[in-house]
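Engineer: There's a structure below that I have some questions on.
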Amino acid sequence: MKTRMTPQPHHSIPAQTPPANCFTVLVIDDLLPNRVLLGKVLKNAGYGVIEAASGTEALELLRDQRLSPDLVVTDIEMPGLDGIALVDQLRRLDLPVARVPVIAASGNADETMRCEALAAGCDAFLTKPFDLAVLRREIASLIRTRLQASATRGTTPVERTVPNRVALRLREAG
C-alpha cells in the first residue's frame, strides 16, 4: 500500500540542526568574548564545547573524571595558573586525560613562548587572532592522529573509558 506524504511546502518544514559529533573540546581563556567566539566556531563545526575561565578551573575539570575532552585549546596568558603551567600540570597527572592533545594560543606570541609551550607538552601552538579554518584543521588532525594511534595499537583509546558528554547524556536519559 502506498503512503502519501502530506502536502506541505518545503519552507514550512523546520530546519534541523545536525547533532554534534562525539568529540568534545575544552576551551580555556580568561576573556569571555574569546571563549564565546571560539565556542560558536567549534559548535558550528559539530564539536561539543566545555568552557573554563582560568587554568585553575580547567585543571579542576580535567581532574574530575566524569568527563574527558578529546582536545584542549588553551590561552597562554591568563592570571593565576597560565596556559603553560596548566599543560605542565596536566601532563603530570596520573590519569588518562593527561594524554589529551593540547593546542596553545596567544595574542602576544613570540618564539620563546612557543618553545616553552611545546616543551610543557602542547601538541600545537597558534598565534591569535588565528585563522579559524587553520584551527579547525589542526583540531581535526590532532584528534585523527590520536584515534589512528589507538587503532594501530589495536586497543580502544584509554581516554574513552572515561565517559564523554555524549555518554553522560545517554546515561542521564536512560
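The values are calculated or read from the model by the stated rules, or taken from the named source; none is laboratory data. Bear in mind that the values here come from a model prediction, so they are computed numbers and not experimental data. All Cβ positions, glycine included, derive from the backbone under ideal geometry; neighbour counts span all protein chains shown.
Engineer: Under the condition of being of a type in the set (G, A, S) and either within 13 Å of the chain's Cα centre (by Cα) or buried (at least 23 other Cβ atoms within 10 Å of the Cβ) (or both), which residue from segment 66-88 is farthest from G107 (Cα to Cα)?
Structural biologist: Applying the filter and picking the extreme gives S68.
Engineer: Here's a follow-up. List pairs: first in segment 104-119 and within 20 Å of R91 (Cβ to Cβ), second aromatic (F, W, Y), Cβ under 6 Å, 6+ apart or cross-chain?
Structural biologist: A104/F125; R114/F125; A117/F125
Engineer: With over 30 Å from G107 (Cβ atoms), at pLDDT below 85 and in contact with a Cys (Cβ under 8 Å, 6 or more places away or on another chain) as the only criterion, which of V166, V162 stands out?
Structural biologist: Details: V162 fails: in contact with a Cys (Cβ under 8 Å, 6 or more places away or on another chain).
When all the criteria are applied, what remains is V166.
Yes/no per residue for (1) closer than 23 Å to L37 by Cα; (2) of a type in the set (D, E, K, R); (3) in contact with a strand residue (DSSP E or B) (Cβ under 9 Å, 6 or more places away or on another chain):
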site	(1), (2), (3)
I84	yes, no, yes
L93	no, no, no
P101	yes, no, yes
A104	yes, no, yes
M113	no, no, yes
L126	yes, no, yes
P129	yes, no, no
I143	yes, no, yes
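Engineer: Can you confirm whether R146 is under 30 Å from D110 (Cβ atoms), assigned to a helix (DSSP H, G or I) and at pLDDT below 90? Walk me through it before giving the result.
Structural biologist: Working: under 30 Å from D110 (Cβ atoms): yes; assigned to a helix (DSSP H, G or I): yes; at pLDDT below 90: yes.
When the stated conditions are applied, R146 passes them.
Engineer: So is D123 closer than 25 Å to D94 by Cα and at pLDDT 50 or above or not?
Structural biologist: yes
Engineer: Next question, about the same structure. Looking at (1) touching a helix residue (DSSP H, G or I) at 6+ places or on another chain (Cβ under 9 Å); (2) over 22 Å from K128 (Cβ atoms); (3) of a type in the set (D, E, K, R), which is the only condition D30 fails?
Structural biologist: (2)
Engineer: For segment 126-147: of the residues being within 12 Å of L42 (Cα to Cα) and basic (K, R), which is surrounded by the fewest Cβ atoms within 10 Å (Cβ to Cβ)?
Structural biologist: Step by step, filter segment 126-147, then rank; the result is R137.
Engineer: Looking at segment 35-44, is at least one residue at pLDDT 90 or above, at negative phi and in contact with a Lys or Arg (Cβ under 6 Å, 6 or more places away or on another chain)?
Structural biologist: No: zero hits.
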